[in-house]
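Where a number appears in this text, it was derived from the coordinates with a stated rule and is not lab data. Predicted, not measured: the structure shown is a model, and the values here were computed from it. Counting neighbours? That spans all protein chains shown, and the Cβs are built from the backbone with ideal geometry, glycine included.
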Amino acid sequence: MATPTMLLRENSMALQKPELDQSILEGRPEKQGFLIKYTSPLEPTWDKSVLVGTWRKRWFQLLNGHLIYFKLPSDSKPRGWYDLEGCRVEVADERAGKPCCFSLTSKSTSGNT
């Protein structure tokens, strides 16, 4: 089974990098596992022929309405996070040219990518 892949529309995600409220990390994750995360340098293009960013395997946890990611499952400090309130999720297999791919778009101003 393929590892799910996530495209992030970071131009619509927050460019600010506020600190993650530590209370969000309390409790048990609702879901957790590896995702392959795509991040583009500044302004992503969704035409698969011009994806120029990087794909990185990261450990994700869904916790208290936030998608939090770490480099490894053993890491205690998150590398980044997304507030999922108001997010839109779309299938993005064709755009990314990868199976099991989805795109996460947020109107939120909170997040650390």
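Of the peptides 85-96, 19-30, 63-74, how do they stack up when ordered by the mean number of other Cβ atoms within 10 Å, highest first?
63-74, 85-96, 19-30
Using 1/(1 + (r/R0)^6) with R0 = 22 angstrom and r between the beta carbons of Lys31 and Lys57, what's the FRET efficiency to the nearest 0.05?
Step by step, r from the Cβ atoms, then E = 0.85.
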